[in-house]
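Colleague: I'd like to ask some things about the structure below.
The values are calculated or read from the model by the stated rules, or taken from the named source; none is laboratory data. Only a predicted model underlies this, so the values are computations on that prediction, with no experimental measurement involved. With ideal geometry, Cβ positions are generated from the backbone for all residues, glycine too; neighbour counts draw on all protein chains shown.
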Amino acid sequence: MPAPRPAEAAEPWLVALDVDGTILHEDESIDERVADAILAARERGHEVTLATGRSWATTLPVLERLGLSPEFVVCANGAITMRRDDAASGGYSRAHVETFDPTAVLARIRSFLPSGRFMVELPDGYRLYTQGMTDWNLENAHEVSFDELLDQRATRVVVVSPDHELEEFLRIVEEMGLHQVSYAIGWTAWLDIAPDGVSKATALERVRGWLDLPLDRVIAVGDGRNDIEMFSWAGASGRAVAMGQAPAEVRAAAGETAEDVDHAGLAAVLDSLP
């Protein structure tokens, strides 16, 4: 059960945390120092939330493990924002959902990556995936043919290309010319696609407005290429912090760099907040 929410601090910060590689290790364990620092920041009155590429179904268990119940949570790289709702299943309901028709982008990507593996996330969180997506959490999902992914309203598309090394994959994605969607490239050869103009940053700016918190009291911490827009947003007036193991271009986009996740880098960042 989440701990009781604290009284609001005189000057609370909006604290937006990426999940994988920031809070969670690759084996999904959480360093005790990080868990303690997250709760301590919340107890000091800060609005600590998650901003992740994960689906809501795989984000909620992280909140529960941490004992967090923020007012809003950003999922699917900004396409879904959840609002705390005690009457809803899991304690949250959808506050804002962005969708797009992935048909054209899927067809274009497949023309460049004919052996690629694909997954489409629908607005209700259910996912459709093609054969071979074995490395992903496939709860609340089922396997379909490629053609069955088309003509859907989607919040997110994931493309995996196990036949390519990262550098070659980066080159292929550049050649695709994906101009009608937002996308981020993962640590390995996988591509995360959201509706055009949608990112963690656009969702967090909406959340900041709902919470009526000033731009100079936002901090974002992450480690992936899908955090670059979030860093630009937070760093404009507040703080943007990259984890130490982040790729060079991600660290360059942030104003600060923490120690890596293996050294509980997030803990020191949170402890630096008032």
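Colleague: Only residues that are surrounded by 22 or more Cβ atoms within 10 Å (Cβ to Cβ), in contact (Cβ under 8 Å) with a residue 60 or more places away in the chain and within 22 Å of T59 (Cβ to Cβ): list them for region 99-122, please.
Modeller: Matches in region 99-122: F100, P102, E121.
Colleague: Name the residue that is farthest from the chain's Cα centre (by Cα), counting only residues in region 62-81 that are farther than 27 Å from E148 by Cβ and part of a strand (DSSP E or B). Break it down stepwise before answering.
Modeller: In the first step, residues of region 62-81 are kept if they are farther than 27 Å from E148 by Cβ; the result is 62-74, 81.
Of the ones still in play, those that are also part of a strand (DSSP E or B) are 72-74, 81.
Working: F72: 13, V73: 10, V74: 7, T81: 11 Å.
Here the residue is F72.
Colleague: In addition: Keeping to region 133-152, report how many residues are at negative phi and over 20 Å from the mean Cα position of the chain (by Cα). Working first, answer last.
Modeller: Here is the first cut: in region 133-152, the ones at negative phi are 133-139, 141-150, 152.
After this cut, where a residue has to be over 20 Å from the mean Cα position of the chain (by Cα) as well, the list is 134, 142-150, 152.
Adding up the residues that qualify gives 11.
Colleague: Would you point out the residue of region 27-59, among those that are within 16 Å of T155 (Cβ to Cβ) and not charged (D, E, K, R), that is surrounded by the fewest Cβ atoms within 10 Å (Cβ to Cβ)? Please lay out each step first, then the result.
Modeller: Within region 27-59, the first condition is being within 16 Å of T155 (Cβ to Cβ), and the residues that meet it are 51-59.
Adding the requirement that they be not charged (D, E, K, R) leaves 51-53, 55-59.
Working: A51: 31, T52: 29, G53: 26, S55: 25, W56: 21, A57: 17, T58: 19, T59: 22.
Step by step, filter region 27-59, then rank; the result is A57.
Colleague: Quick check on region 260-274: of everything there that is touching a helix residue (DSSP H, G or I) at 6+ places or on another chain (Cβ under 6 Å) and part of a helix (DSSP H, G or I), which residue is farthest from G21 (Cα to Cα)?
Modeller: Ranking the qualifying residues of region 260-274, first place goes to D271.
Colleague: In this structure, is T257 modelled with pLDDT of 95 or more and touching a Lys or Arg at 6+ places or on another chain (Cβ under 6 Å)?
Modeller: Values: modelled with pLDDT of 95 or more: yes; touching a Lys or Arg at 6+ places or on another chain (Cβ under 6 Å): yes.
Here the answer is yes, as T257 does meet what is asked.
Colleague: Another one. Just wondering, is there one or more residues in region 261-270 that are more than 24 Å from R33 (Cα to Cα) and without any contact (Cβ under 8 Å) to a residue 60 or more places away in the chain?
Modeller: Kept after step one, since they are more than 24 Å from R33 (Cα to Cα), are these residues of region 261-270: none.
No: zero hits.
Colleague: Turning to a different aspect of this structure: Can you find even one residue in region 9-16 that is at pLDDT below 95 and among the hydrophobic types (A, V, I, L, M, F, W, C)? Quick ask: steps written out before the conclusion?
Modeller: At the first step, the residues of region 9-16 found to be at pLDDT below 95 are 9-11.
Then keep just the ones that are among the hydrophobic types (A, V, I, L, M, F, W, C); that gives 9-10.
Scanning region 9-16, I find at least one residue that is at pLDDT below 95 and among the hydrophobic types (A, V, I, L, M, F, W, C), so the answer is yes.
Colleague: Where residues in region 33-61 are in a loop (DSSP other than H, G, I, E, B) and of a type in the set (D, E, K, R), which of them is nearest to L138 (Cα to Cα)? Walk me through it before giving the result.
Modeller: Filtering region 33-61 down to residues in a loop (DSSP other than H, G, I, E, B) leaves 44-46, 52-55.
If we keep only those that are of a type in the set (D, E, K, R) too, we end up with 44, 54.
Working: R44: 37, R54: 12 Å.
Among those that are in a loop (DSSP other than H, G, I, E, B) and of a type in the set (D, E, K, R), it is R54.
Colleague: Identify, by number, the condition in (1) surrounded by fewer than 16 Cβ atoms within 10 Å (Cβ to Cβ); (2) modelled with pLDDT of 85 or more that G125 doesn't meet.
Modeller: (1)
Colleague: Just checking: which of the helices (runs of 4 or more DSSP H) contained wholly in region 200-259 hold 3 or more residues that are without any contact (Cβ under 8 Å) to a residue 12 or more places away in the chain, touching an Asp or Glu at 6+ places or on another chain (Cβ under 7 Å) and at negative phi? I'd like the intermediate steps shown before the answer.
Modeller: Working: elements: 200-211, 228-235, 248-253.
Answer list for region 200-259: none.
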